[in-house]
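Reviewing the structure listed below.
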Amino acid sequence: MADGLEGPAVAWDRAADIVVIGAGATGLPAAIVAREAGCSVIVVEAEADIGGHAITSGGNVPLGGGTSVQQQYGIEDSPDLLFRDLTDWSVVGPNGFPDYRYNDREIIRAFADNSAPAFEWLLAHRVVFVDKAPDAVGGNSVGNSVPREMHCMVGDWPTVQTGKPAEPAVQKTRSSGNGLMRPLEVAARKAGVEILLEHRMTAIHRQRPNGGPVLGIAVDHKGARLSIRAHKAVIIGTGGSTGNVNFRRMFDPRLTEEYCGLAGMPWSDQDASGELAAMAVGASLWGFFNQTGEFGANVTKPGSIGCQYNYRNLQWMPGSRVFERARACGLKVANWQNLILVNMLGRRFYDETGGQYIANNHNSIEPYVQGSYLNAKNAKFNPSNFLNAALAGIDDGHNGGGPIWAIFDSDAVEREGWQPTPPHVDIAAGFFFSANRLADLAEKIVMKYQRIAMPPPALQETVARYNSFVDAGVDADFGKPAPLYKIARPPFYAAWATPVVHDTRAGLRINGKCQVIDLNGEIIAGLYCGGESAGGFSQHGLARAACQGYIAGRVAAAAPPLDAALD
Ligand SMILES: Cc1cc2nc3c(=O)[nH]c(=O)nc-3n(C[C@H](O)[C@H](O)[C@H](O)COP(=O)(O)OP(=O)(O)OC[C@H]3O[C@@H](n4cnc5c(N)ncnc54)[C@H](O)[C@@H]3O)c2cc1C
């Protein structure tokens, strides 16, 4: 096949009008829209199944701006209201951080204008939402004025978490990303989108490293290298960068290797491959504050302990296709009174019941008047610094907070109803330890990320001091509300409870049409991006990804062939 590159010729193995990278919340909508507009479309997906983080997700989708369901329930929303909500400088959290202040206005305007059409498009492609009024459950940074959150019905597909369908009783009422991504997969295949699984994009071809249009991509398929020509567009939907340690540390130096429990892993990674490939052909990054701002779910408190993948809304069960890689499902914590959390040195660092950052959603501010200075003025400063304390480190000149361990006893196991054995906990890889004496427990904690041995006397002292707080009814160190339970009855346990990295809210610079922009502010012809790999939009998740996929697919399909842009 012919080659438009300057330099060594590329032998193109495959070609399509539009090449989409990633079969997730951005990629599948983009692919379907472009295919239905008459383009040939190839989707390359690195993993063995479609879905990305979207299929592991809770399926809560905040598309608003006047959807048919909002109208049905008498909720008055409009693109203008949505736009002003998502750019409202006056919305701040209890830690003083603003959710929306640094959003790119052009990107938000495009989202506001396309939000309701994208929702109707999902309905038309057989995504079924739980039959109830939009609410405020499960999203974050979605705007304060009106409820916008809709919930994808889990249906009867096997879930990726268990390998089995949900119980019949909840199939129509439970929300899950399964209910978003499986219908879209069906729609994509029906429309004639070609999906190449286990095809990992490794590079983007551009006419010149910093000039001319993009021409296609390089792909690794089980060790073999393929080149795929794109006649009209390459659309990046690779899902973000928080799984890439060096990349994420550009935003936050504290996020070192021990934060190894990325939410959504091991189903799919967020390895920054889309960002890096685009940057290698001149693309710019955008909206850095949205990654470092302390709101939402960029870093989260774990929900389960004793396993590597411990995001609070995701447990991998035996039966899941990826359970072998997840290795354990973890012990879900119902009550943080049942344990203490200590750092590598065996010292407590914060009230264990403390929460993570929060984010703005419908009714978070009451009363709320868009753009009023009173919103910020009336906010009560009441930060939760649990995560900051956990990530602070141990004053030895190293970055990163190191492993955080939940320490508890057999009474706690009984109260929580835990089973401290595999497959619930991961003993083999060093994410769970037990011993009959606290000193022995500290000595046993040997694993990849525990770079300093926990001093046994330190753990003994910490537990003794905590037990004295239980007697006194007051936590003199961290103000934990009425510490309830002593840690006294062996065996004793240490379970991995390190914070979890999650959202990417900064990424490639795009414009309102999802075209990728270079460091000179110029459009890179033929290159598009959406979802977590795109920057400029502070919001968790599915809505911005699906909406930007919808926009990118439409704009790319209407664009002239890239050959015309070769210079
Ligand atoms: C447990 C969990 C719960 C969540 N719950 C919600 C929720 O309820 N509501 C909400 O709004 N959001 C939720 N989210 C967030 C939401 O799932 C993501 O924001 C969304 O899926 C991002 O869409 P995306 O297209 O950017 O990435 P993804 O959906 O992750 O898709 C990216 C795809 O690209 C593939 N890929 C990556 N690199 C390459 C490469 N080099 N070559 C080929 N393919 C590649 C990946 O394998 C993946 O399939 C949740 C996330 C998780 C993990």
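Here are the numbers for this structure:
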item	result
Contact order normalised by residue count of the range 460-567, Cα under 8 Å, 6+ apart, percent	18
Value of relative contact order over the chain, rounded to a whole percent, pairs C-alpha under 8 Å and six or more apart	22
Two-decimal ratio, the range 208-277, of alpha-carbon radius of gyration to 2.2 N^0.38 Å	1.35
Accessible surface of the range 280-394 [probe 1.4 Å, protein heavy atoms]: carbon and sulfur percent	53
Over the chain, volume per residue of the alpha carbon convex hull, in Å³	152
Nitroxide proxy distance, nm - points 7 Å out along Cα→Cβ at Gln450 and Lys132	4.3
Table column - 3J(HN,Hα) (Hz), the range 360-367, Karplus curve with 6.51, -1.76, 1.60, x for Gly and Pro	6, 8, 3, 6, 5, 10, 9, x
Overall form of the range 451-503 per C-alpha gyration tensor (a/c, 1.5; a/b vs b/c)	oblate
Of all accessible heavy-atom area on the range 169-258, the percent that carbon and sulfur account for (1.4 Å)	51
Mean accessible surface per residue for the range 155-214, computed with a 1.4 Å probe while every protein chain stays in place, in Å²	46
Principal-axis tilt of helix 456-472 within the chain, Cα atoms, nearest 10 degrees	80
Convex hull projection area averaged over all views, the range 319-375, Cα basis, nm²	8.5
Per-selection Kirkwood Rh - the range 264-362 (Cα, Å, 1 d.p.)	16.6
The range 360-419 - Rg over Rh from alpha carbon coordinates, Kirkwood radius	1.23
The chain: angle of helix 27-36 to the longest principal axis, Cα-based, in degrees nearest 10	20
Kirkwood Rh and Cα Rg combined as Rg over Rh, evaluated for the range 148-270	1.04
Surface accessible to a 1.4 Å probe, per residue, for the residues of the range 215-345, Å²	30
With every protein chain in place, the range 398-537: carbon and sulfur % of accessible area (1.4 Å)	53
Descending Cα extents along the principal axes, the range 30-182, whole Å	45, 41, 34
Neighbour count of at most 15 Cβ within 10 Å plus DSSP loop: longest chymotrypsin sites (Phe, Trp or Tyr not before Pro)-free window in the chain	90-287
Largest-first ellipsoid semi-axes for the range 345-448, taking √(5λ) over the Cα gyration tensor eigenvalues, angstrom	38, 19, 12
Three principal axis lengths of the range 417-487 [C-alpha, angstrom, descending]	38, 30, 21
Accessible area (Å², per residue) of the range 414-567, counting only protein heavy atoms and a probe of 1.4 Å	39
Cα-only Debye scattering, the range 378-533: base-10 log of I(q)/I(0) at q = 0.10, 0.14, 0.16, 0.20 Å⁻¹	-0.56, -0.85, -1.01, -1.38
Two-site FRET efficiency, Asn399 against Ala476, from Cβ-Cβ distance with R₀ of 25 Å, rounded to 0.05	0.25
Square roots of 5 times each gyration tensor eigenvalue, C-alpha, the range 444-552, largest first, Å	51, 18, 12
Unit Cα scatterers, Debye sum, the range 104-188: log10 I(q)/I(0) for q = 0.16, 0.25 Å⁻¹	-0.71, -1.28
Of Lys301/Lys513; Lys301/Lys486; Lys301/Lys448; Lys190/Lys222, pairs whose Cα-Cα distance is over 31 Å	Lys301/Lys513
Base-10 log of normalised Debye intensity for the range 1-106 (one unit scatterer per alpha-carbon) at q = 0.16, 0.17, 0.20, 0.21 Å⁻¹	-1.01, -1.06, -1.14, -1.16
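The values are calculated or read from the model by the stated rules, or taken from the named source; none is laboratory data. All figures in this text were calculated on a predicted structure; none of them were measured in a lab. Quick reminder, even Gly has a Cβ in these numbers, built from the backbone with ideal geometry, and neighbours come from all protein chains shown. Ligands, DNA and RNA are excluded from the accessible area calculation, which covers all protein heavy atoms including side chains. Shrake-Rupley method; radii C 1.70, N 1.55, O 1.52, S 1.80 Å.
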